[in-house]
Ligand code: FAD
C-alpha cells in the first residue's frame, strides 16, 4: 500500500466524534494530516464574536488531536491555493472533507475537487452537518420545501441519512513530517483592548467537550421544560447548543440520536423531544432555503419587499444596537447579545420586529449586526430568521404581525427578571411597570431611582404610531 498521506480538511466540523470525513480518512489506513485554513477571502467571513469562538474551538480541537498523536496544521489565506499547495508539499494522494452549504463555499469546493481530481488526487466529501442533504427531501411535485411543517413531517418520516453516529477515535495514524503551521495567536482572532468578550468566558466552553457537556445537561435536566418554557427569556429552558452547532463541534445526528436514546429509556416524553427536534429541524429547513436561494442573505425572497419605503436613520440604528431604545425588553435583548454573544430566540424575534417595523430600518442592517455580534452567527439561520420576521421570507410571519414590545415583555418576562438582569438601571422597578416605565407614576419611578431621559431613555418611537406607519408602508408595496 502507498504510504502517501491523506489530507483531512476541517472546516465547519471542528470535532472528532461523528465526523464522517475523519472516519473515512482513518479507514484508508494512510497517515492522516489534519489541516484548518482560515480563509477570510470568501464571502461572509466570520464576524468578531464568531472569531472569538473560532480561536477557542481550534485550540480545543488541536488539543484533542494531540492526544491522538496528531498535529493540526493551521494556514491562513485562500483555501483554493492552500489546499493544492499542501497536497503538493505532502504528496498527499487523498483529500477528505465534510461538505459546506454557503454560497461561495460550494463553488470553491466544487472547483477545488475537480482540479484535484484532474491532478490524480482522490477527493471524498461527506455530509457531516445535516440530518439530510438539502436535495434529498422534495415535495410531491419534486421541488424543494418552502413551508416548514410539511418539511418537518417529511424529515421525521425519512429520519437521518446515516444510521449511527461514530464514536470518538482513540488513535490517528499521522505523518510525522515537519510541516509549517501558523500560530493561532498570530491570526489575532481574539479582541484586543478593550476586551469586549470578557462576558463570554464564564458562560461558554467552545470545543467538542463543551458541546457534549451542554447536550448532556440539557437532556438530563432541561428538555422536559423545553416545550412550555422555551419562549421564556427569564428562564434557562433552551439548549444553547447553537454556537456548538454553528462550528460543527457537535452534529445534529449526535443530538438526534442522544434524544431518541432518552425517549427509548423512558427518561423523557415523546412530546418534549418532538418539540426540541422540530426546532433542530428549523436549522435543516434554513439550510435548504439558503441552498436553493443563494441571495437569501441579501435580497428578500418576496421581491415586492425590495420596494418597501425603508428609512435610513443612523441615530436610531445606533440606539437599537446599544440597547437604548427605551423599550426594556428590546434593550435587554440587545445588551444580552453584546454581553454574552447570544440572545434568546423569543427576544431575537422581538428586537428584529422592532428594528424592521417600529423603526422601519432594513432587515439587512439588523442581520449584519447579528452576524458580527452573535457567537452562533450562521448564514442560513440568520438570514432566514431575519426574512421570517420581516415577512419577506419563506413561510414567514405575515408582515402585519407586528410585535408589541410591551405586551411581549409582560407575557414572556412576567416578573421582569430578564430586564433586570440586562438593564440594571431598571433593577428596582416593580414588575407591573418594568416593561413600560414611561407609563409608571412619578412616585414609582422616584422610588426605583429611575429618571426617564437621564438614567434610562424615553421610548425612541411611539409604538402605536410606528405600527400604523409600518402598515401604511406595507399597503404601498401591496398596491404596487
Ligand atoms: P434551542 O431552542 O435549544 O434549539 C436547538 C437548535 O435548533 C439551535 O441551537 C439551532 O441550531 C436550531 N434552531 C432552533 N430554533 C431555530 C430557528 N428558529 N431557526 C433555525 N434554527 C433553529 N440561529 C443560529 O443558530 N444562528 C443565527 O445566526 C441565528 N440568527 C437568528 C436571527 C433571527 C432574527 C431570529 C429570529 C432567529 C435566529 N436564529 C439563529 C434562530 C434561533 O434564535 C437560535 O438558533 C436559537 O435561539 C439558539 O438557541 P438554542 O441553541 O438554545 O436553541
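The values are calculated or read from the model by the stated rules, or taken from the named source; none is laboratory data. Here the structure is a predicted model, which means the values were calculated and not measured. Please note: Cβ atoms are built from the backbone with ideal geometry, for glycine as well, and neighbour counts cover all protein chains shown.
Worth pointing out:
- The number of residues in region 212-266 being away from the ligand (no atom under 12 Å from the Cβ) and in a loop (DSSP other than H, G, I, E, B) comes to 3.
- Taking the listed residues 279, 284, the one that is within 16 Å of the chain's Cα centre (by Cα), surrounded by fewer than 19 Cβ atoms within 10 Å (Cβ to Cβ), assigned to a helix (DSSP H, G or I) and within 16 Å of the ligand (Cβ to nearest atom) is 279, with no other qualifying.
- Residue within region 391-400 that is modelled with pLDDT of 95 or more, buried (at least 22 other Cβ atoms within 10 Å of the Cβ) and within 16 Å of the ligand (Cβ to nearest atom) present: no
- For region 405-414, the condition holds for no residue, the condition being that it is modelled with pLDDT under 95, touching a helix residue (DSSP H, G or I) at 6+ places or on another chain (Cβ under 9 Å), more than 11 Å from the ligand (Cβ to nearest atom) and not assigned by TED's automatic domain parsing to the domain that holds residue 100.
Condition check ((1) farther than 22 Å from residue 9 by Cβ; (2) crowded, with 19+ Cβ neighbours inside 10 Å) across all residues:
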residue	(1), (2)
133	no, no
139	yes, no
161	no, no
164	yes, no
171	no, no
186	no, no
201	yes, no
206	no, yes
213	yes, no
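- Considering only residues in region 364-387 that are free of Cβ contacts under 8 Å to residues at least 60 places away in the same chain and near the ligand (Cβ under 8 Å from one of its atoms), the one that is surrounded by the most Cβ atoms within 10 Å (Cβ to Cβ) turns out to be 386.
- Residues of region 337-349 satisfying the condition of being buried (at least 24 other Cβ atoms within 10 Å of the Cβ) and more than 8 Å from the ligand (Cβ to nearest atom): 337, 341, 347
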